[in-house]
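Asks: I am attaching a structure below and will ask some questions about it afterwards.
The values are calculated or read from the model by the stated rules, or taken from the named source; none is laboratory data. In this text, all values refer to a predicted model and were calculated from it rather than measured experimentally. As a convention, Cβ positions derive from the backbone with ideal geometry for all residues, glycine included, and neighbour counts pool all protein chains shown.
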Amino acid sequence: MTAIEVFAPAKINLTLHVTGQRADGYHLLDSLVAFAPVGDRLILQPGNVTSLTVEGPEARGVPADMENIAMRAAMMAPDGQSVTMVLTKFLPVASGIGGGSADAAAAFRGMLMFGDEAEVPADSVWAMPQIIHQTYAKALLDLGADVPMCLRPRPLRAQGIGEKIEFLDLPALPAVFVNPRVPVSTPEVFRALKSKTNPPMPDRLPDFASTVDLIDFLAGCRNDLEPVARTLVPEIGLTLDALSACDGCELSRMSGSGATCFGIFSSVDSGKAAVDRLRHLYPDYWIAGGLVGDQLQRSMPVRK
């Protein structure tokens with residue numbers, strides 16, 4: 001079989017409300033999630049032993065053994081096929097945009113291409129996610145709470161610890177993503193969060209007829225981890241200020257537990273201008289831009 005290539009897009013928490021905490025310590029969330037047009041790339045080929053090589057501009061510090069959940073996801077393939085995987089990292093690590101979870105989800109999507117095609121119609125954009133969620137949901141959740149969100153990279157609402165997923169139709173938003181290259185410990189941020197029980201989003205979300213409607217809604221929501229993360233990592237506040245100062249920025253917010261921040265812009269052109277401006281001001285930062293929203297079709301495995 002020829003190689004399989006899979007795109008692993010960055011996950012962006014447009015909102016992140018912390019609504020409670022379970023007895024086992026897991027936090028309950030209510031989050032509106034969309035996906036960026038930037039991400040990692042995974043190449044899979046049949047092999048005698050499953051292995052992983054990590055390369056690319058953001059590969060430093062990324063494990064290539066069973067500590068990498070992409071390896072563990074590949075081991076869950078239905079027919080036990082061994083593969084050699086090459087992961088090209090373009091997303092910074094420990095950055096609040098689900099890079100590791102996106103890689104694991106991409107590895108699993110790719111492994112399904114080696115299964116029984118009569119059982120798993122791997123070329124079908126719509127059949128694959130149904131099979132994944134019905135058959136492998138719990139096992140994939142055990143890899144990480146964000147992995148189920150990344151399996152089908154289209155806008156969604158995630159609740160519970162991330163396992164309750166409702167797919168949505170949202171307008172695409174011109175966005176700019178900035179990471180100041182300061183790693184953030186998610187457990188540390190959650191430990192420092194004083195209020196574990198905060199209001200969720202409305203039970204019924206409005207219909208978003210336009211980007212303006214969606215931006216107005218987002219402005220009334222929160223990332224409950226942002227104030228804590230800003231205290232722990234001052235660079236986050238500086239990054240948000242830099243985004244807000246760009247012409248056309250309608251909203252700036254931190255994604256996940258940080259330190260990646262995003263700005264929503266009034267137009268694609270203003271977003272592109274902001275990327276150029278910020279790259280000039282902060283040459284050492286990780287900076288990208290594009291329409292945040294639905295990356296489903298682009299994330300489907302492709303035979304090369």
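Asks: Taking the conditions exactly as written (touching a helix residue (DSSP H, G or I) at 6+ places or on another chain (Cβ under 9 Å), on the phi < 0 side of the Ramachandran plot and either without any contact (Cβ under 8 Å) to a residue 60 or more places away in the chain or not polar (S, T, N, Q) (or both)), does residue 12 satisfy them or not?
Replies: No.
Asks: So residue 77 passes all but one of these: (1) crowded, with 19+ Cβ neighbours inside 10 Å; (2) of a type outside the set (Lys, Arg); (3) in contact with a strand residue (DSSP E or B) (Cβ under 7 Å, 6 or more places away or on another chain); (4) farther than 30 Å from residue 289 by Cβ. Which condition number does it fail?
Replies: (3)
Asks: Mind counting the residues in segment 1-59 that are of a type in the set (Gly, Ala, Ser) and either at pLDDT below 95 or in the same structural domain as residue 189 (by TED's automatic domain parsing) (or both)?
Replies: Here the count works out to 4.
Asks: Identify all residues within segment 274-304 that are at pLDDT 95 or above, buried (at least 16 other Cβ atoms within 10 Å of the Cβ) and either part of a loop (DSSP other than H, G, I, E, B) or in contact with a Ser or Thr (Cβ under 8 Å, 6 or more places away or on another chain) (or both); write none if there are none.
Replies: Once the filter is applied, which keeps residues that are at pLDDT 95 or above, buried (at least 16 other Cβ atoms within 10 Å of the Cβ) and either part of a loop (DSSP other than H, G, I, E, B) or in contact with a Ser or Thr (Cβ under 8 Å, 6 or more places away or on another chain) (or both), segment 274-304 yields 282, 285, 286, 294, 295.
Asks: Could you list, in sequence order, all residues of segment 213-256 that are more than 22 Å from residue 146 (Cβ to Cβ), of a type in the set (Val, Ile, Thr) and under 23 Å from the mean Cα position of the chain (by Cα)?
Replies: Result: 215, single match.
Asks: Can you tell me which residues in segment 1-37 are under 15 Å from the mean Cα position of the chain (by Cα) and either surrounded by fewer than 20 Cβ atoms within 10 Å (Cβ to Cβ) or of a type in the set (Gly, Ala, Ser) (or both)?
Replies: 8, 10, 31, 34, 36, 37
Asks: Given the condition of a type in the set (Lys, Arg), under 30 Å from residue 112 (Cβ atoms) and not assigned by TED's automatic domain parsing to the domain that holds residue 165, answer yes or no: does some residue in segment 274-287 qualify?
Replies: Within segment 274-287, the subset of a type in the set (Lys, Arg) is 277, 279.
If we keep only those that are under 30 Å from residue 112 (Cβ atoms) too, we end up with none.
Checked against the condition, which is being of a type in the set (Lys, Arg), under 30 Å from residue 112 (Cβ atoms) and not assigned by TED's automatic domain parsing to the domain that holds residue 165, segment 274-287 yields no hits at all.
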